[in-house]
Amino acid sequence: MSDKKRKIGIMGGTFDPIHTGHLATAEAVRVEYDLERVLFIPAANPPHKQHFRVTKPLHRYIMTVMATYSNPHFHVSPIEIERPGLSYAIDTVLELIKQYGDNTEFYFIVGSDTVQELASWKDIDRLLEICHFIAANRPGSAYTLEDIIKPFGEKGFKRIHSLPTPELEISSTDVREKVRQGRSIKYFVPESVEIYICKENLYKE
């Protein structure tokens, strides 16, 4: 039996809605780090958005399934939607370790904005012990990887990595605003997601 560890990516987020930037980033990391799969995990109750209006979890979950369906390496997990309370990454990763076993390495994919907030994440020191972080870094970002990992010392240098990703200037906020304004979101989101948003009348208010 091989003692080679499985390598699983984690793409967490609100996905309100998921867009092509999320997909391109996940695929770039999957290829670069030779990941077996990338788990997309829509947050049910993101702690950093408690005071913001967030679309119902079921809508966001369905859109994420639709967006990732054509890629055999992409999978969607309802783990946070099914768990009550706030959606903390530490709880999710510990549960995934139970599901996949100790012979698995997890690679948590975070965007260029989110990576700057890692120090504020719940139990971040423990998280760095049990998974890697891949900072999807757009060329020309205002921060350097050294700025991010320095507060964590040697553990940061071993566990936080940077990967230049396709420079797609797309955000979920922009997509929602376009819908509110009645503007096209074609090619900003997969066609299936565009149709779902229209059918369910999302983001109009």
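Just so it is clear, none of the values below were taken in a lab; they were calculated from the coordinates. Fair warning: this is a prediction, and the values are worked out from it, not measured in the lab. Positions of Cβ are backbone-derived with ideal geometry, glycine not excepted, and every protein chain shown enters the neighbour counts.
Using Cα-Cα distances under 8 Å and only pairs 6 or more residues apart, what relative contact order does the chain have, in percent?
Reported as a whole number, the value is 25 percent.
Find how much the distance from residue 7 to residue 52 grows on full extension, using 0.36 nm per residue of separation minus their present alpha carbon separation; answer in nm with one decimal.
That works out to 12.8 nm of additional length.
Which order do 58, 35 fall in if you start with the one that has the fewest other Cβ atoms within 10 Å?
With the fewest neighbours first, 58, 35 line up as 58, 35.
Under a Cβ-only charge scheme (Lys and Arg +1, Asp and Glu -1), can you give me the dipole magnitude of the chain about the Cα centre, in debye to the nearest 20?
For this selection, approximately 420 debye.
Take the Cβ-Cβ distance between residue 99 and residue 158 as r, set R0 to 22 Å, and report the resulting FRET efficiency rounded to the nearest 0.05.
In this case the efficiency is close to 0.35.
Sum -39500 (n - 2.57) across every DSSP H segment of at least 4 residues in the chain, then divide by the residue count to get the 222 nm mean residue ellipticity, nearest 500.
-10500 deg cm²/dmol
Could you list 163, 23 so that the one with the fewest beta carbons within 10 Å of its beta carbon is first and the one with the most is last?
Placing the least packed residue first, the sequence is 163, 23.
If I fit a long axis through the Cα atoms of helix 89-100 and take the longest principal axis of the Cα atoms of the chain, what angle between them do I get, 0 to 90°, rounded to 10?
70
Can you list which of the trypsin sites (Lys or Arg not before Pro) found in region 80-180 are DSSP loop residues with at most 14 other C-beta atoms within 10 Å?
Within region 80-180, the qualifying trypsin sites (Lys or Arg not before Pro) (loop, at most 14 other Cβ atoms within 10 Å) are 122.
By a straight-distance test (C-alpha under 30 Å), which lysines pair with residue 5 as possible cross-link partners, with residues fewer than eight away in the same chain excluded?
Within the straight-line limit of under 30 Å, residue 5 reaches these lysines: 98, 122, 150, 155, 158.
Given the options 54, 110, 193, state which has the largest fluctuation in a GNM of the chain using a 10 Å cut-off (strictly under) for Cα springs.
Comparing 54, 110, 193 in the GNM, the peak value goes to 54.
Helix 20-32 against the longest principal axis of the chain: what's the angle in degrees, Cα atoms only, rounded to the nearest 10?
20
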